[in-house]
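Asker: What follows is a structure written as structure tokens; I'll ask about it next.
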Amino acid sequence: MKVLIINTNRQRSPHTLIPLGACLVAASARSAGHQVRFLDLTFHRHPEYVVSSAVKELSPDVTGLSVRNLDNCEMTNPRFHLAEVKLIVDICRSVGAGKIVVGGPAVSAIPAGTLAYLCADIAVVGEGEQTFPAVLAAIENGDDLTAIPGVLVHQDGEIQVCKPYVHPDLSLTSDFCLEKWLNLTGYHACDASMPVQTKRGCPFCCSYCTYPDIEGHNVRLRDPLAVCDDILRAANLGFRSVEFVDSVVNVPEDHAIACFSRIAKLTPRIPLITVNYNPSTCSKELVSAMSSAGFASVGCTAESGSDRMLASLQKGFTTDDLYRTARELKNLDALKLWIFMLGGPGEDESTVAETAGFINKALSAKDLVYITCGVRILPGTSLHEQALDEGYISPNDDLLRPAFYFSPHLTPKRAMEIIYNSDFPSSNIVTAGDGNSPILPFIQRIARRLGVKPPYWRFIPLWNRVHRLWQVGKLG
């Protein structure tokens with residue numbers, strides 16, 4: 001069959017992202033014998049024309065849309081992304097795109113609600129490398145789609161729910177040939193990182209997170225040699241950095257050490273980055289392996305510096321683990337980004353003060369602190385249940401549009417005041433709003449042309465100081 005796959009994500013702040021999942025699905029569909037065309041909307045400011053033209057040219061039997069984000073997860077300035085995807089679905093429908101299938105992280109987070117809102121025909125839940133080719137085969141042969149695990153069908157105004165999704169063996173992942181599906185010129189101009197996975201699955205049970213539902217609680221490990229092959233491919237394709245996009249990059253620790261030790265032997269070397277380092281474990285051996293592999297930056301998902309809040313968020317580690325991780329990571333010659341989330345259940349001035357205390361005591365003046373206020377509420381999480389019990393949201397709320405929990409014991413403004421009034425350099429503190437600035441893609445392009453090495457967030461303290469001086473001069 002003729003298949004058109006569309007990457008609908010056009011958000012480029014704070015980083016321009018390679019659509020890895022969509023490329024994997026495209027490769028799997030091609031391997032199953034279908035004629036596949038890939039349409040990437042990342043750099044199209046007005047996608048309506050290119051979508052319409054691609055559908056008319058190919059006249060696909062099936063059009064698959066990859067949907068990355070429901071919204072921008074920013075409580076202070078929420079933006080609903082599904083409306084843009086709905087426009088694309090409507091265009092596809094109007095020009096004869098065949099059966100319309102939607103998948104991706106946003107769909108997996110709220111499958112039935114997303115399928116109904118987008119008015120698509122079929123939703124694929126979880127990883128699509130095996131499920132999507134099975135859907136194509138069922139459509140081609142006229143078989144029952146609902147017999148396929150991980151599929152929802154929208155028909156006659158009703159949604160038929162699939163069998164439970166079964167996570168596939170990672171050894172079956174296709175060779176996705178990134179350069180076949182994407183024009184890498186635009187990505188290189190923005191210095192996008194090549195995404196690489198060392199595993200799938202998350203063993204943690206954070207109160208707000210849907211990763212275990214999407215990838216499973218059981219961790220499925222990739223062969224370190226296969227990971228190394230991806231690193232070499234990244235270098236050959238001209239990428240200047242590799243980003244590990246595992247839900248948690250350093251757990252299990254022995255596998256992380258095995259991967260990084262193998263990578264350390266590769267030539268040429270390419271800088272490695274991650275924003276998914278979990279402070280539950282951080283040994284000298286792990287840090288040594290990361291150093292040898294060539295990590296340039298590490299984002300540590302601390303979330304809070306308060307044991308009470310870590311327990312409330314069900315993080316699975318304590319402040320003792322945080323302090324140990326901070327000590328060990330000082331031996332890693334890489335930039336460190338510490339990520340905190342304020343306002344979860346039970347948050348008050350004292351717990352925010354504990355977080356500020358950890359930042360002051362444990363972090364270096366070279367470290368960057370990233371703060372989000374409010375916790376996005378998603379169905380099926382324990383935070384969702386708690387928000388319902390507290391009357392924070394209605395049982396009728398499908399949660400498609402941004403809904404956030406923020407503790408009633410303080411305000412976001414007061415929480416940020418406590419952080420900013422600490423002894424940690426305020427110029428080294430960045431908020432979610434700063435990270436979603438529309439000027440960032442422009443800065444990325446300029447920095448790339450000047451030959452500046454990523455990650456560019458290391459210049460945020462300088463930018464903040466310059467911006468503050470400009471504001472003072474403007475007011476004066």
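The values are calculated or read from the model by the stated rules, or taken from the named source; none is laboratory data. Bear in mind the structure is a predicted one, so any value in this text is a computation, not a measurement. Note that we place each Cβ from the backbone using ideal geometry, even for glycine, and neighbour counts take in every protein chain shown.
Asker: So residue 228 passes all but one of these: (1) modelled with pLDDT under 95; (2) more than 26 Å from residue 318 (Cβ to Cβ). Which condition number does it fail?
Answerer: Of (1) modelled with pLDDT under 95; (2) more than 26 Å from residue 318 (Cβ to Cβ), only one is false for residue 228: (1).
Asker: Could you count how many residues in the range 205-215 are at pLDDT below 95 and of a type in the set (Phe, Trp, Tyr)?
Answerer: Residues flagged as at pLDDT below 95 and of a type in the set (Phe, Trp, Tyr) within the range 205-215 amount to 1.
Asker: Also: Being farther than 16 Å from residue 337 by Cβ, over 23 Å from the mean Cα position of the chain (by Cα) and assigned by TED's automatic domain parsing to the domain that holds residue 347 is the requirement here; does residue 291 meet it? Show your work before the answer.
Answerer: Working: farther than 16 Å from residue 337 by Cβ: yes; over 23 Å from the mean Cα position of the chain (by Cα): yes; assigned by TED's automatic domain parsing to the domain that holds residue 347: yes.
Yes: the conditions hold for residue 291.
Asker: Which residues, counting only those in the range 206-216, are under 14 Å from residue 127 (Cα atoms) and either touching a His at 6+ places or on another chain (Cβ under 6 Å) or not β-branched (Val, Ile, Thr) (or both)? Give the steps one after another, and end with the answer.
Answerer: Step one: list which residues in the range 206-216 are under 14 Å from residue 127 (Cα atoms), which gives 210-216.
Passing the criteria: 211, 212, 213, 215, 216.
Asker: A further question follows. Of everything in the range 392-420, what is polar (S, T, N, Q) and more than 16 Å from residue 76 (Cβ to Cβ)? Give them in sequence order. Give the derivation first.
Answerer: Let us first name the residues in the range 392-420 that are polar (S, T, N, Q), namely 394, 396, 407, 411.
Scanning the range 392-420 gives 394, 396.
Asker: Got a number for residues in the range 307-334 being without any contact (Cβ under 8 Å) to a residue 24 or more places away in the chain and among the small types (Gly, Ala, Ser)?
Answerer: 1
Asker: Answer yes or no: is there a residue in the range 380-401 that is assigned to a loop (DSSP other than H, G, I, E, B) and closer than 14 Å to residue 207 by Cα. Explain how you work it out, then say what you get.
Answerer: First, the residues of the range 380-401 that are assigned to a loop (DSSP other than H, G, I, E, B): 380-381, 390-401.
Next cut, closer than 14 Å to residue 207 by Cα only: 380-381.
For the range 380-401, residues assigned to a loop (DSSP other than H, G, I, E, B) and closer than 14 Å to residue 207 by Cα: present.
Asker: On to the next question. Being buried (at least 20 other Cβ atoms within 10 Å of the Cβ) and among the polar types (S, T, N, Q) is the filter here, so list the residues in the range 242-263 that pass it.
Answerer: Selection gives 247, 250.
Asker: May I pose another question? Which of the residues belonging to the range 15-44 are closer than 25 Å to residue 430 by Cβ, surrounded by fewer than 21 Cβ atoms within 10 Å (Cβ to Cβ) and out of contact with any Pro (no Cβ under 8 Å at 6 or more places or on another chain)?
Answerer: Selection gives nothing.
Asker: Those residues that are modelled with pLDDT under 95, charged (D, E, K, R) and assigned to a helix (DSSP H, G or I), I need them from the range 1-58; list them, please.
Answerer: 48, the sole residue that qualifies.
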